[in-house]
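Comments concern the structure below.
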Amino acid sequence: MGGMTTASTGPVRAWAWSDSPPTLALLDQTLLPAEEVWLQVRTVDALVDAIVRLVVRGAPLLGACGAFGVALAVAQGQAEGWDAARLGSEIDRVRDARPTAVNLAWGVDRVRPLVQRGLATVVAGARALASEDEAANRELSRLGADWILAHTDREQVRVVTHCNSGALATTGWGTAYGIIHELHDRGRLGLVYADETRPLLQGSRLTSWELTRDGIDHVIEPDGAASGTILRGLVDVAVIGADRIAANGDTANKVGSVALALACARAGVPFVVAAPSSTVDLATPTGDDIVIEERAHDEVLRAGGVRVAPAGARAHNPAFDVTPHDLISAIVTERGVVEPARATGDGLFE
């Protein structure tokens, strides 16, 4: 896995595939905004490392990486003479690299049946998945903006968002960020409050980077300020993404999301979740069944490589939390909008 620095031009895109040699290029999101470095990923080991270290992140983009990861495994297996059992175990390593985001496993499972038909067919399947994801992002952004404008009475809608759900987290455009961008393009967006997103600062490093590139007026706020911002009447809607949506409408997203939902419920402010339909996991009945990824203690105990906690202190570092469906005003996918807080009975996504 090698790296190179490039200048930023044109629309944000955090990935690229090359056939010769089979390579998945990934924009290293751990280095943004200070550096724009592309990693050239050619092995399963390198891809799993990139996923675990959050070089690449965001549920929809992880889905594409899962699909292209199968292609990398096939190519590596051909070069190194793997048997079917070894190939299967390496594909499983990609599938299981992060447990909470359903899209990673979904992307692997989508193209895995194509393995017997050869590398080119797997790559074609992965490209199709990526293309479908970007189209879904743009459609859900349109639907989400329509819903928000129908449920708010301000000419300029003030938005709070948590973590990063833009082009960096998807194959292109974005989910929750895509809705923000759509409102901006329609001339209906006011100020955006971007939560910093502790402990790895995806909001201040990544969302602000995208907002700045797109010329969207915004401020970065500490995560702990978000609930007060909502209760003070400074925002009209909260819009976040999702890494897994359970069958009953409970959603998992970056830790800190549920605090926004609770504040929105108190303030009577709509709380909107945006994700492609691939994030809906009908095999997971409720949020209680979602596995929450626990990350390394040092992400909390250190800042910039310097320890900021006393020696011997431990950390509680869940990467995600679950927002109960009755706190969610709307879940937006490319297939439409459902309103979990108003729903009764089963079959929310039927």
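The values are calculated or read from the model by the stated rules, or taken from the named source; none is laboratory data. Given the structure is predicted, the values throughout are model-derived calculations rather than measurements. Every residue, glycine as well, gets a Cβ built from its backbone with ideal geometry; the counts of neighbours run over all protein chains shown.
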(message) Can you say whether Ala242 is within 26 Å of Tyr193 (Cβ to Cβ), in contact (Cβ under 8 Å) with a residue 12 or more places away in the chain and not aromatic (Phe, Trp, Tyr), as far as the supplied structure shows?
(response) yes
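Going through the range 137-156 one residue at a time, which ones are of a type in the set (A, V, I, L, M, F, W, C) and surrounded by fewer than 24 Cβ atoms within 10 Å (Cβ to Cβ)? Give the steps one after another, and end with the answer.
Taking the range 137-156 as the starting set, the residues that turn out to be of a type in the set (A, V, I, L, M, F, W, C) are 140, 143, 145, 147-150.
Leu143, Trp147, Leu149, Ala150, listed by residue number.
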(request) State whether the residues of the range 73-83 include one that is more than 14 Å from Asp45 (Cα to Cα), within 26 Å of the chain's Cα centre (by Cα) and part of a helix (DSSP H, G or I). (result) no
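Condition check ((1) of a type in the set (A, V, I, L, M); (2) within 19 Å of the chain's Cα centre (by Cα); (3) surrounded by fewer than 20 Cβ atoms within 10 Å (Cβ to Cβ)) across all residues:
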site	(1), (2), (3)
Thr284	no, yes, yes
Asp289	no, no, yes
Ile292	yes, yes, yes
Val300	yes, no, yes
Gly304	no, no, yes
Arg307	no, no, yes
Arg314	no, no, yes
Thr323	no, yes, no
Arg335	no, yes, yes
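So that you can scan it fast, the table gives a plain yes or no per residue for (1) in the same structural domain as Glu294 (by TED's automatic domain parsing); (2) of a type in the set (S, T, N, Q); (3) under 22 Å from Trp106 (Cβ atoms):
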position: Leu31; (1), (2), (3): no, no, no
position: Gln40; (1), (2), (3): no, yes, no
position: Ala46; (1), (2), (3): no, no, yes
position: Ile51; (1), (2), (3): no, no, yes
position: Leu54; (1), (2), (3): no, no, yes
position: Arg57; (1), (2), (3): no, no, yes
position: Leu61; (1), (2), (3): no, no, yes
position: Cys65; (1), (2), (3): no, no, yes
position: Phe68; (1), (2), (3): no, no, yes
(request) Would you please list the contacts, defined by Cβ atoms under 8 Å and residues six or more apart or on different chains, that run from a residue in the range 80-100 that is closer than 18 Å to Arg57 by Cα to a residue that is charged (D, E, K, R) and not in a loop (DSSP other than H, G, I, E, B)? (result) Arg95/Asp109; Thr100/Arg244
(message) Being touching a helix residue (DSSP H, G or I) at 6+ places or on another chain (Cβ under 6 Å), closer than 28 Å to Pro99 by Cβ and among the aliphatic types (A, V, I, L, M) is the filter here; which residues of the range 217-262 pass it?
(response) Ala226, Ala238, Val239, Ile240, Ala242, Ile245, Ala246, Ala259, Leu260, Ala261
